[in-house]
Amino acid sequence: MDLAKILADGTFELGMDQVTGSGAETFADYIFGKFDIQIKLNPTFAKSIVTAFYLNSKMEQHNEIDVEFLGDPGRNQYILSTNVFINGTGLREQQFAFWFDPSADFHNYTVIWSPKQIIWFIDGTPIRVFKKQNGTVTLPYPDNQSMKIQLSIWDGTAWTRQPVDWSQAPFKAWYRNYRTKACTLTGNATAISCHANATALLSKDLSIDAQTKMAEVQSKYMVYNYCNDQMKIFENTPLECAINTKIG
């Protein structure tokens, strides 16, 4: 079975069965940018299946910025999980319930990764900010490695600890309208070439109105925040939690 295909309208379809999943990645390596894509999830709730759109440096001590859609068996619904890996260490998850059905239609998901912060958006509404700087304190931040964009669908049983119902397979997800305004590495990774609008875009902060909308989303729909997880034992407590930085 062909589990990864481009449909007639240009939509990219990824599939997964009990034997294998599927994925794709960009040829380009990016160092900061705005990354947009429209995604539609499997039409029936897919317990423990993860659909992903993320940046990954693919190194042993890798950096990663995650947008992952998890069929959460505990809530019997899809949740959106955001995470940041820095030099191989993650454990910075914030998760959100949806205020719409992400399997009914395409919705736009955006990551802006700049030298000073990462911002996640759903349909233009910001849901999370991860900053490099808190006053005079510089926090761990993924700015020392270029990253590729990756798309994938995979078995999240190890994450949820609940088995996949393979009678529903194959599971599918659809991606379209991928767009970037970013900086890429050129010349054997020795030079940086940026989209004409990237520099101005990456220097901007959220407006007061956007910050208010983000606070509302977090208040209503955030279902997990790693800094509030008293049950998780961190090998090294993330600095932004230890110094009481406001997350999000």
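Numerical summary
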| quantity | calculated |
| --- | --- |
| Segment 58-78, residues that are within 22 Å of ASP229 (Cβ to Cβ) and either under 12 Å from the mean Cα position of the chain (by Cα) or free of Cβ contacts under 8 Å to residues at least 40 places away in the same chain (or both) | GLU64, ILE65, ASP66, VAL67, GLU68, PHE69, LEU70, ASN76, GLN77, TYR78 |
| Condition met for ALA173 (outside any helix (DSSP H, G or I), touching a residue at least 12 places away in the same chain (Cβ under 8 Å) and touching a His at 6+ places or on another chain (Cβ under 7 Å)) | no |
| Segment 67-77, residues that are modelled with pLDDT of 95 or more and surrounded by fewer than 21 Cβ atoms within 10 Å (Cβ to Cβ) | GLU68 |
| Residue that is modelled with the lowest pLDDT [pool: residues in segment 171-188 that are closer than 28 Å to TRP154 by Cβ and of a type in the set (A, V, I, L, M, F, W, C)] | LEU185 |
| Search result, residues across segment 89-111 that are in contact with a strand residue (DSSP E or B) (Cβ under 6 Å, 6 or more places away or on another chain) and among the hydroxyl-bearing types (Ser, Thr, Tyr) | TYR109, THR110 |
| Strands (runs of 3 or more DSSP E) fully within segment 1-60 counting 2 or more residues that are buried (at least 20 other Cβ atoms within 10 Å of the Cβ) and touching a strand residue (DSSP E or B) at 6+ places or on another chain (Cβ under 7 Å) | 12-16, 30-40, 49-56 |
| Filter result for SER167 (in contact (Cβ under 8 Å) with a residue 24 or more places away in the chain, of a type in the set (Gly, Ala, Ser) and either outside any loop (DSSP other than H, G, I, E, B) or under 30 Å from CYS241 (Cα atoms) (or both)) | no |
| Among (1) among the aliphatic types (A, V, I, L, M); (2) under 18 Å from GLY21 (Cα atoms); (3) part of a strand (DSSP E or B) - the single one ILE79 does not satisfy | (2) |
| Selection within segment 98-112 - of a type in the set (A, V, I, L, M, F, W, C) and buried (at least 16 other Cβ atoms within 10 Å of the Cβ) | PHE98, PHE106, VAL111, ILE112 |
| Failed condition for ILE79, given (1) touching a Phe, Trp or Tyr at 6+ places or on another chain (Cβ under 8 Å); (2) among the β-branched types (Val, Ile, Thr); (3) closer than 22 Å to LYS34 by Cα | (3) |
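The values are calculated or read from the model by the stated rules, or taken from the named source; none is laboratory data. Predicted model only: the values in this text are computed from it and were never measured. Glycine also receives a Cβ, built like all others from the backbone with ideal geometry; neighbour counts cover every protein chain displayed.
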